[in-house]
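The values are calculated or read from the model by the stated rules, or taken from the named source; none is laboratory data. All figures in this text were calculated on a predicted structure; none of them were measured in a lab. Reconstructed Cβ throughout: ideal geometry from the backbone, glycine too, with neighbour counts over all protein chains shown.
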Amino acid sequence: MAQLRSVFFYLGLAPVTVFFCVLGALMLPLPRRWRYYAVIQWSRFALWWLKSTCGLSWRVSGAELIPSSAGVILCKHQSAWETMALQFVFPPHCQVVKRELLWVPFFGWGLASLNPIAIDRAAGSKALRTVLREGKERIGSGWWILLFPEGTRVPIDQPGKYSPSGTALAIQAKCPIVPVAHNAGLFWPRQALRKVPGVIELVIGPPVYPDGRSAAELLAEAETWIETTCRQLPPFRS
């Protein structure tokens, strides 16, 4: 039954996705915030449709810890769910994404309308310079920056290798880092069609401030909090 409901979820989501991607492409000449608030309505529909068809909802704790000034979000990456849900937890933000995603028909158009920071992950130091340059400009304009420090989705029981690019950006921009943990991979597994009914738990951590520390030190603190908190959520919590 869960497999069938998941298929129904995608069948209903597909035409709405095409509509919003075309809308995003048409809105490219408009101001960034206009595009953002229009296109994230796709995420609002997707989360509502996910709950309606698959019985999968979510709850947030720690939202009161989010600073009033823009900063860097470092989030655990287990599924596609968190890329949508964070849009309704944090103020407007730009995501650091793989450049190839912008080339995907329809989806890439909608993603481009959100004005992400697109990088070539194989470019090494050049990709880092892009994140630092464009990220600092966005933060200076009041936009948060969302990074998945593991770089790709990882299974819920496997920690990935964390990149220091987000903490390096926080040092350059002199802004807070907010770690985010969740267990979306338990209900929306990586590279799986089936969605498991239940309640995803998303936890916002206390902000981490540069305060003269190195990118490696900041990353270690954020990574420890994220991985420790994830281990306190189902399926690890009894």
*Trp58: modelled with pLDDT of 95 or more, hydrophobic (A, V, I, L, M, F, W, C) and assigned to a strand (DSSP E or B), yes or no?*
yes
_Matching residues, the range 177-204, being surrounded by 20 or more Cβ atoms within 10 Å (Cβ to Cβ) and either of a type in the set (Asp, Glu) or in a loop (DSSP other than H, G, I, E, B) (or both)_ = Asn183, Trp188, Lys195, Glu201
_the range 116-164, residues that are assigned to a loop (DSSP other than H, G, I, E, B), out of contact with any helix residue (DSSP H, G or I) (no Cβ under 6 Å at 6 or more places or on another chain) and among the acidic types (Asp, Glu)_ = Glu150, Asp157
*Between a first residue in the range 51-80 that is within 15 Å of Trp225 (Cα to Cα) and in contact (Cβ under 8 Å) with a residue 60 or more places away in the chain and a second residue that is of a type in the set (Phe, Trp, Tyr) and in a loop (DSSP other than H, G, I, E, B), which pairs have beta carbons less than 9 Å apart while being 6 or more apart in sequence or on different chains?*
Ile73/Phe90; Leu74/Phe148; Leu74/Tyr162; Cys75/Phe148; Lys76/Phe148; His77/Phe148
*Neighbours by Cβ (under 8 Å, 6+ apart or cross-chain): first from the range 181-210, at positive phi; second buried (at least 22 other Cβ atoms within 10 Å of the Cβ) and assigned to a strand (DSSP E or B)*: Gly198/Leu56
*asked:* Checking Lys51 against (1) under 25 Å from Val208 (Cβ atoms); (2) surrounded by fewer than 17 Cβ atoms within 10 Å (Cβ to Cβ); (3) touching a Ser or Thr at 6+ places or on another chain (Cβ under 6 Å), only one condition comes out false. Which one?
replied: (1)
*asked:* I'm told Ser52 meets every condition in (1) at pLDDT 95 or above; (2) of a type in the set (Ser, Thr, Tyr); (3) in contact with a strand residue (DSSP E or B) (Cβ under 9 Å, 6 or more places away or on another chain) except one. Can you identify the failing condition by its number?
replied: (3)
*Residues (in contact (Cβ under 8 Å) with a residue 60 or more places away in the chain and within 24 Å of Ile66 (Cα to Cα)) located in the range 110-137*: Leu114, Asn115, Gly135
*Sort through Pro105, Pro67 and tell me the only one that's part of a loop (DSSP other than H, G, I, E, B), surrounded by fewer than 19 Cβ atoms within 10 Å (Cβ to Cβ), of a type outside the set (Phe, Trp, Tyr) and modelled with pLDDT under 95.*
Pro105
_Here is a list: Gln95, Gln87. Which entry is in a helix (DSSP H, G or I), touching a Ser or Thr at 6+ places or on another chain (Cβ under 9 Å) and within 25 Å of Gln172 (Cα to Cα)?_
Gln87
